[in-house]
Amino acid sequence: MGTDWKGTLDERLGKNFEVLFPGMPNKTNARYGEWKIWFERIFPYFRNNIILIGHSLGGIFLTKYLSENKIPKKVRATILVAAPFDSANITASLGNFKHGNSLAKFARQGGAIYLIQSKDDPTVPFMEFEKYQKSLPTAKPMIFEDRGHFNQETFPEIISLIKTLRS
């Protein structure tokens, strides 16, 4: 299988965008504390009006991080793609990535929040998306019927969304 959409964002967005795509440590046995350290190491490269994108565990990571910590730059938008909300309907363990009950701090500093989910996702059930919608009523939804867990090579809709957010 080739590179998925995350690995080609830089190329597909073009030279007017800077893409930081940190490979998070220990993905098969992920630990929030390790990801937090890794994420904070790239802060010096952030500029104001950053657009954050979290896919799957990366989505719940951003939710938890921005709910518990202050990010040093202004966030224009946070895009959560197929992000688990809690472990109630997930077969895989979320370990210590679970966020608290209130997402108020996340909503305040996450900029415009976008929730992207496919109804046929075998990894993160659609009801996880519905929990985010309930907790983040101002978030903008993007619902797909047949994208699974968004592991495809291209994702033109997210490219369009990012370009729209930047203009």
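Structure above, values below:
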{"quantity": "Among the listed pairs Lys64/Lys105; Lys73/Lys134; Lys70/Lys119; Lys119/Lys140; Lys15/Lys64, those beyond 21 Å (Cα-Cα)", "calculated": "Lys73/Lys134; Lys70/Lys119; Lys15/Lys64"}
{"quantity": "Alpha-carbon Rg/Rh ratio, for the stretch 75-149, with Rh computed the Kirkwood way", "calculated": "0.95"}
{"quantity": "Rg/Rh for the chain, where both radii come from Cα atoms and Rh is the Kirkwood radius", "calculated": "0.92"}
{"quantity": "Distance in nm between pseudo-label sites at Lys74 and Lys134 (7 Å out along the Cβ direction from Cα)", "calculated": "3.4"}
{"quantity": "For Ile53, distant residues with modelled amide H under 5 Å away", "calculated": "Ile79"}
{"quantity": "The stretch 70-83 - phi-based ³J(HN,Hα) in whole Hz, Karplus 6.51/-1.76/1.60, Gly and Pro as x", "calculated": "9, 8, x, 10, 6, 9, 6, 7, 10, 10, 9, 10, 6, 8"}
{"quantity": "Which of Leu57, Leu80 has the fewest Cβ neighbours within 10 Å, and the rest in rising order", "calculated": "Leu57, Leu80"}
{"quantity": "Residues whose placed amide H lies under 5 Å from that of Phe144, excluding near-sequence neighbours", "calculated": "Gln117, Ser118, Lys119"}
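Coordinate-derived values only; no laboratory data. Every value quoted in this text rests on a predicted model; they were computed, and no experiment measured them. Backbone-built Cβ (ideal geometry, glycine too); neighbour counts: all protein chains shown.
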